[in-house]
Amino acid sequence: MTKKAADHPTTEPSGPHDQLSLGALALDLLDVTWRIAVPVVLLAGAGIFVDNKLGTGPLLTFVGVIAGFVAAVRLVKEQLLVAEHEDDLQQKEGNK
């Protein structure tokens, strides 16, 4: 006795979220992490260095931290726009 193909569950992903693997998610999170950490750490470090050389106290450190956060927000926003554009392209290709 043979079973029909309909009796077997499909192994294809049912939606866009099912297509993400754990490795791809980890890479995306790592990509976001460096975009946040590197500008903040570098610019805060530069502020600390300049504050120590000029004796200006924590003023330039705060400026470096704020500039680092601004840079991080811009980098993450850029990453989100690229990801949105890629999703739009995939949807257009899927509709063809």
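Applying 0.36 nm per residue to the separation of Thr33 and Gln90 and subtracting their alpha-carbon distance, the gain on full extension is 18.0 nm. Note on Val76 and Leu22: the model spin-label points, each 7 Å out from Cα along the C-beta direction, lie 2.5 nm apart.
Read-outs throughout are calculated quantities, based only on the coordinates presented, and are distinct from any laboratory measurement. Values in this document were obtained by computation on a predicted structure and should not be read as measured data. We place every Cβ from the backbone using ideal geometry, glycine too, and count neighbours over all the protein chains shown.
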